[in-house]
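Below: one structure, written as structure tokens.
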Amino acid sequence: YKFNRNEKTEYNFDCHGLTFTNGTFWINNSQVEKILSDDGYIKTSVPQKNDILIQRDKDGNIYHSATVLAYDNKENRVLVKEAMGCHKFPGDKDIYYQWYKIDSERDTFYKRGTNKEVKSIPDFVED
């Protein structure tokens, strides 16, 4: 499913859409693992600017993603750019910047692969 901006829909992107396509597409939680593997993302233990933060629940299910802007190793935290919830076209009011204390049970970081654009948007699947 590729989002068509001419479609009559209430929302255009979520946190994953902002993280992986800069707000161009809506991406369901269930589609993120495929994007990570298909597009060559590599796990890293030390986050750096432009890495991806993936958050999982206690069962390992992905529920949030964000882009790392800075890493504070003294405080063990990251500054991220993220969208919270559902949003219409991207704008400054839809994007948040905040610090997260790193939780090793919840947070996984990935370096972008050699192809920085999403190669495949998985078929639309209702979560």
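The values are calculated or read from the model by the stated rules, or taken from the named source; none is laboratory data. What you see is a predicted model, and the numbers here were worked out from it, not measured in a lab. Keep in mind that these areas ignore ligands, DNA and RNA; they rest on the heavy atoms of the full protein, side chains included. Shrake-Rupley method; radii C 1.70, N 1.55, O 1.52, S 1.80 Å.
Side notes on the structure shown:
- Taking the protein heavy atoms of segment 26-87 in the context of the full set of protein chains, the accessible area attributed to carbon and sulfur is 47 percent at 1.4 Å.
- Relative intensity, log₁₀ I(q)/I(0), of segment 19-76 from a Debye sum that treats every alpha carbon as a point, q = 0.30 Å⁻¹: -1.43
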